[in-house]
1. Taking the Cα-to-Cβ direction at residue 138 and at residue 264 and moving 7 Å from each Cα, how far apart do the two end points lie in nm?
2. For 292, 336, 186, what ranking results if the residue with the fewest other Cβ atoms within 10 Å of its Cβ goes first?
3. Is the shape of segment 347-484 rounded, prolate or oblate, going by the alpha carbon gyration tensor and its root eigenvalues a ≥ b ≥ c, with a/c under 1.5 for rounded and a/b larger than b/c for prolate?
4. Which peptide among 322-334, 245-257 comes first, and what is the full order, when sorted by highest mean count of other Cβ atoms within 10 Å?
5. Let me check I have the definition right: for segment 284-337, take the eigenvalues of the Cα gyration tensor, multiply each by 5, take square roots. What are those semi-axes in whole Å, largest first?
6. Given H placed on each backbone N at 1.01 Å, which residues far from residue 152 in sequence or on other chains put an amide H within less than 5 Å of it?
7. If each residue of separation counts as 0.36 nm, what is the full-extension length gain between residue 322 and residue 255 once their alpha-carbon separation is subtracted?
8. With θ set to phi - 60° and the Karplus curve 6.51 cos²θ - 1.76 cosθ + 1.60, what are the ³J(HN,Hα) couplings of segment 455-470 in order, to the nearest whole Hz, using x for Gly and Pro?
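Rule-based calculations on the coordinates, nothing more; no lab input. Because the structure is predicted, anything quoted here is derived from the model rather than measured. Reconstructed Cβ throughout: ideal geometry from the backbone, glycine too, with neighbour counts over all protein chains shown.
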Amino acid sequence: MGARKELDRAAGRRSLAAASARRVMRRFGVGGSDHLTYPAPERFVEAFDGATLRSHLALRSPLGATQALSLFINIPPQRPVDAANRWGAGRPCSAEPIDAYLGLIYRELDLLMGPLGDRRAVNQVWIAGGAGRLFPGESLPQLMSELRSRFELSRNGDFGIDIDPAAVSIADIATIAQLGFNRIDLGQVGFDQRTEHQPPDSSAPFQPDRTRQSGRAATEDFARVITAARQVGIRSVATALHYGVPAQSVAAFDRALCELIGLNPDRIVLRHYPYRLPGMPRTDRRADLPDLATCVDMLIHGRSLLHAAGYVEIGLEQFVRRDDDLDQVARRGLLLRSLLGFSRLPEFDRLGVGLGAISRIGGIYAQNMVYLEDYESCLSQQVLPVMRGIELTRDDLVRGAVISALIGRGEVSIESIAIAHLISFSDHFSPEMEKLAVMEEAGLVELSPDWISVTPQGRLVVRAICALFDRHASRALERRALTELN
């Protein structure tokens, strides 16, 4: 009887915790910006061009020049981008042969090498987007050969690639490992889902071609790739599952997630389905989308299932196995956040190469052209193909540092921020601290003279906490409130 009572008490505690989490998420919402850049790309300006980026590359300090770079190579998908996506205009990406596109990549790299200098150290590489177009054949080996001819790739770095499980063979997985890749991302799973549409992300114009098969075929593809990756020594396999997709029920989401957990990937991200594509009117919402309460229940169920399966939540609905290196650095308070997401390695400067790719060099961001014609035209004129960018202000830098600390470590050292940026934290963030007091009353943060700490409940809505420090988001909310009042 005693054991039975203890089980009942435990079940009651879990039920109360779930009810509390539901109240928090219904009040503060789910989804929102992941703040991979601050400010967001839509705040970049077109006055920032290729010549501006080139001048900043040339002005890198001696210290910055010795620090390892990160490389992000964007490969456009084969399928046409959805017509509702503002990035979909121009020549269809599938019309450009992959080798011809890679030739443009090499020309851009050559332009970057001028101000950078040769043989810069690189400790992170990610090949994103429609990387499945690199298989089969010699395209990927050629791309890695070109990178190695220009950079010194670290032996202990992180090298990753997006792949489509349905489009690669066991031999392709072996090739990936032989080329030095130690991470793969399988993208959005599609088995047992009511939709196969992967919505675009407005901050990353060209997305992977991740339309998935449904049912047993998709499950077998994922299982085959994960098994092969482990056999050849690939350190980490990541994937994602959407919740809140059209016509999705809590039971269907649970079933899909249990199936995914059974495949035992190293990292799983739960993503809130963004119902409104860029450029779509705010009132144009699909009637078959689950309501907020249902989405919250899906996320609560998902977290519970993943925790029970031994996964650890490191933030932003990303879960990792306990033997994953992200969990290890998170336990030591060293988890980092960059344009590539959570990382164990610092990202000092990052070169984004290819359509729509974003670079960060020192205190600037620069985004490449997203239309193929514009991209080719710049390269033919020996001009870096920059569409827009921004030179970060002192305020941008300090706000970005606070947001990064909240997401990556779940806490902010007020003294460290004040010393690093030569500010009085209480004066600089007086309005934000008043709003944080409301979140403290809700149990989302703990405030002290020296620290801002996000509580376990607050981790559920850390995007809403970060939004308080996002000057642009705060102004947008104020304008929206005024519009609604009028």
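1. My value for the distance between the label points is 3.8 nm.
2. If I rank by nearby Cβ atoms, fewest first, I get 292, 336, 186.
3. Numbers: a/c = 2.49, a/b = 1.95, b/c = 1.27.
Prolate, because a/c is 1.5 or more and a/b exceeds b/c.
4. Working: 322-334: 14.8, 245-257: 18.1.
Most protected by this proxy first, the peptides run 245-257, 322-334.
5. Computed over segment 284-337, the values are 29, 14, 7 Å.
6. Placed amide hydrogens put 120, 121, 122 under 5 Å from residue 152.
7. Extra length from residue 322 to residue 255 when fully extended: 21.8 nm.
8. My calculation for segment 455-470 gives 7, x, 5, x, 4, 5, 10, 5, 4, 5, 5, 4, 4, 4, 9, 8 Hz in order.
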